[in-house]
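Structure first, commentary second.
FYI, it's all coordinate maths here, none of it is from the lab. Note that the structure is predicted; figures quoted are calculated from it, not measured. Glycine also receives a Cβ, built like all others from the backbone with ideal geometry; neighbour counts cover every protein chain displayed.
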Amino acid sequence: TSSQIGGRRNIIINGGMNVAQRNTSVTGIGAADGYFTLDRWGIYQAATAGRLTMAQVADVHDGFANAMKLTCTTADASVAAGEFIILRQSLEGQDVQQLQYGTSDAKKLTVSFYVKGNASAKYTCELQNNDNSRTTAQTFDVTTDWTRVILTFNPDTVDGFNDDNGISLTMLLWLHAGSTYTGGTFVSNTWADTVTNTRVGDSVTSFLDSTNRTFFITGVQMEVGSVATPFESRSFGEELALCQRYYTQSGYGEAATLRSHGPGINKLVIFHFPQTMRAVPTCAGTAGASTYTIVGQGNYTNGDYIEARQNVFNYHAPNSHASRRCQAGFKADAEL
């Protein structure tokens, strides 16, 4: 990651796997879609009995201190047609306008990342135009050593992206897929209307074939052009701020953050989010205070703050009922 090139090049957020607001390790993943550990990296699944652990791990190499590690904990060697496990990141349309898709000036796009595993494997990296149901994909190889995968994708001159805060471009790493997605003729690096049975490459590995299976990834970069430049290292504060547009929490799982003082049992507190969120988020409170009820959030245009009301007689006051102090944590989710 030396020889840093100036300018914002990386469209991916948290590609260095530095930010993990929710948790640093979660087990039993595979029964539901969701964001579990590292920010902006979701798991998308269907119908599999396999389970995995996702963790942020320290793995120092090539200038990186952190990586995502996936570990198969329950194998699923009998792959039904409709099964899949996907690691993905979705991007807003207004953040990918520079690709100029849907025009004769559409740009090539290069995706690069560092990977390794417990054994050799082959997986599929797919790009999906969510606004127009179009996809393109390439396969990539994994070895037992850290290697940098570089995939340059041809542009799509047919359909572009909506210029808004909705989901427009998704990068998907297919780690497990049944014949519903593999049964057709795979064509590498060609944008086309989505044909379900051609989305995943030939002779790919199932990550769920054995409980020995691991998959490490870091240094994920997506940039305009046909050259993979050195990974764009941003400060932790910058990366955290980018993540907080989609998810933020404070004191969640602890008795902290939302505090109110004074007499009475019906007190209102307002917490301003550290970043304006992508959309009005789904909010929840926790800890000491189940004493708090989330009663509103605003600005309803862009989700700037949360209101919570303490309406249960439950307080911490060392000397007097006249100085009640209640507190709770919260989380706010505006993920794509």
*Using θ = phi - 60° and the Karplus form 6.51 cos²θ - 1.76 cosθ + 1.60, what ³J(HN,Hα) does each residue of the range 272-285 get, whole Hz, x for Gly and Pro?*
8, 5, x, 9, 5, 7, 4, 8, 4, x, 7, 10, 8, x
*With each label point set 7 Å from Cα along the Cα-Cβ vector, what nm distance links residue 179 and residue 57?*
3.4
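Based on the Cβ-Cβ distance of residue 203 and residue 9, what FRET efficiency does E = 1/(1 + (r/R0)^6) give at R0 = 35 Å, to the nearest 0.05? Please list the in-between numbers first.
Numbers: r = 33 Å, r/R0 = 0.94.
The pair residue 203/residue 9 has a calculated efficiency of 0.60.
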*Given labels modelled 7 Å from the Cα in the Cβ direction, how far is it in nm from residue 190 to residue 32?*
4.0
*Pop out the ³J(HN,Hα) list for the range 90-107 in order, Karplus 6.51 cos²θ - 1.76 cosθ + 1.60 with θ = phi - 60°, rounded to Hz; leave Gly and Pro as x.*
10, 10, 6, x, 6, 9, 10, 5, 5, 6, 6, 4, x, 10, 6, 9, 3, 9
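Please give the contour-minus-distance gain from residue 120 to residue 108: 0.36 nm per residue of separation, less the Cα-Cα distance, rounded to one decimal in nm. Let's see the in-between values first.
Values: separation 12, 0.36 × 12 = 4.32 nm, distance 2.88 nm.
Length gained, residue 120 through residue 108: 1.4 nm.
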*Apply the Karplus parameterisation 6.51 cos²θ - 1.76 cosθ + 1.60, with θ equal to phi minus 60°, to every residue of the range 138-155 and state each ³J(HN,Hα) to the nearest whole Hz, in sequence, with x for glycine and proline.*
9, 8, 9, 9, 10, 10, 7, 10, 5, 10, 9, 8, 10, 10, 9, 9, 5, x
